[in-house]
Amino acid sequence: MVAPRRAALGGASPTVLTGIRAALTILSVALAGVLSATAVASIHMARRIVTPAVRRADTRILSLDTSAQTITLSRTADTGLPGRYGLFTAGTSSYVKLGSVLSEDETSVKRKLLTHVGSDARLSPDAAFSGWYYDRPEQLHIPFTPELIGSSVGPCPAWLFPAGDGDVWVIQIHGRGTNRAECLRAVPLFHSLGVTSLVVSYRNDGEAPRSRAGTYALGATEWRDVDAAVGFARRRGAKRVILMGWSMGGAIALQVSLNSAHRGSIEGLILESPVIDWRVVLRYQARVMNVPPSVSGLAIEALQHEWASPITRSGGAIPFDRLDVVARAAELRHPVLILHSDDDGFVPSDASHDLVVARPDLVQLEVFEVARHTKLWNYDQERWTDRITVWLVEQGLAEASVSA
């Protein structure tokens, strides 16, 4: 009698078993390849997060009319914005100021030049649009002195703009991938209100000393350099200190507020387009760049662990929980004014809204639209100025009779 053929795997023929093993091997290799690709992409993203950024061209100069003093740029989300801006380029000029939009179409934007460009000028087509407007302190025509702030990594350069009786100081903190010139826009307002401005640098920003790893800690270590600046201000006579942070500078300001031994001297924070929770920002940027959630999630996870720092080159674990100020909202002790555009395009305003909900007793939010990231002053200087002035008066840090 012939035994019935068994359907179970154990009864499969050697040929079938060989085929199954081959298929499983192929699947295993494919899975390992997928996992390997995900890991490589995650490491690449993690390194990009902590590596100090280099300014990259984000628009092109299409034409330059030196007789009419106009410049035509390729159209981007930023180059068509109303207001006054700057443009980094190369050639006979490294930076020019831009005025209002004169005309535009689907691919180009013509703007007025506010920096005179001579007929013999030669500018590189590749350029970077900027919200700085001022790129050197001399352009403000306000007396200042260069200073060095001693920190644990070494002397950090700063600009000091004295004003008033010297009792109230504002410490300006720039964002990621920029330097202290980003903050110069705010100095005239504070100077007009009798508030001394200290515009600072911090480790790995290209001006201040480099840390051992040479990478960003997203505010987790940089705050110590700004805290040293608070101590500098107190030694120079400051009795009340305001912290103003731009983008990542906002994250740094919040860490100073939460951790500083000088907390008693801090009167409040002004945050422009701030990072309040890095995980929200990094997930948003990953979506914009079409990075799979598995990649961004693994990158963030790796950055949180000390064991992964040699691979991510972060120089140490980044404490995302400590940098999440919405989760730590109960610890806040200082009044906070946030100015944020809901179409920021780089740092979403979600966490700013969440922080107001968490601490309505301390946090005020002025919501802009259209202005995009750290360009609120450029887009609507009058509204920006008025809102900060009102807040300073409410906090008793400026006189109501003084106008900007």
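Things to note:
- Percent of C-alpha pairs per 10 Å bin in the range 291-404, short distances first: 12, 28, 32, 19, 8, 1.
- Length, then width, then depth: along the principal axes, the Cα atoms of the range 280-319 run 28, 15, 12 Å.
- Taking 7 Å steps out from each Cα toward its Cβ at H305 and S265 produces label points 4.1 nm apart.
- Modelled this way, with points 7 Å down the Cα-to-C-beta line, the labels at R136 and N290 are 4.3 nm from one another.
- Shape analysis of the chain based on the Cα gyration tensor places the equivalent ellipsoid semi-axes at 47, 29, 20 Å, largest first.
- Per-peptide average of other Cβ atoms within 10 Å, ordering 344-352, 67-75, 289-297 highest first: 344-352, 67-75, 289-297
- The shape of the range 250-315 comes out oblate: with a ≥ b ≥ c from the C-alpha gyration tensor, a/c is at least 1.5 while a/b does not beat b/c.
- Comparing G177, G219, G268 in a Gaussian network model of the chain, where Cα atoms under 10 Å apart are tied by springs, the biggest mean-square fluctuation is seen for G177.
- Cα-Cα separations in the range 70-128 greater than 17 Å, expressed as whole percent: 32
- Ordered by solvent-accessible area of protein heavy atoms (1.4 Å probe), largest first, the residues L140, L355 come out as L140, L355.
- Average accessible surface area per residue within the chain, 1.4 Å rolling probe, Å²: 46
- Placing a label point 7 Å from the Cα of D361 along the Cα-to-Cβ direction, none of the residues of the range 381-399 has a backbone N under 13 Å of that point.
- Here r is the Cβ-Cβ distance between D120 and S74 and R0 is 41 Å; the resulting FRET efficiency, rounded to 0.05, is 0.95.
- Stretch gain in nm, segment R279-D105, where the contour uses 0.36 nm per residue and the Cα spacing is subtracted: 59.0 nm
- For the range 24-159, the Kirkwood hydrodynamic radius comes to 18.6 Å, computed from all pairs of different C-alpha atoms.
- Using a probe radius of 1.4 angstrom, the carbon and sulfur fraction of the accessible surface of the range 217-311 is 53%.
- Scaled radius of gyration (Cα, divided by 2.2 N^0.38 Å) that the range 171-318 gives: 1.12
- Compactness of the range 152-253, expressed as Rg and Dmax over alpha-carbon positions, Å: 12.8, 41
- Equivalent ellipsoid semi-axes - Cα gyration tensor, the range 339-404, angstrom: 22, 17, 6
- When the convex hull of its Cα atoms is projected in every direction, mean area for the range 176-230 (nm²): 4.1
The values are calculated or read from the model by the stated rules, or taken from the named source; none is laboratory data. The structure displayed is predicted, hence computed values, not measured ones. Counting neighbours? That spans all protein chains shown, and the Cβs are built from the backbone with ideal geometry, glycine included. Accessible surface areas use protein heavy atoms only, side chains included; no ligands, DNA or RNA. Shrake-Rupley method; radii C 1.70, N 1.55, O 1.52, S 1.80 Å.
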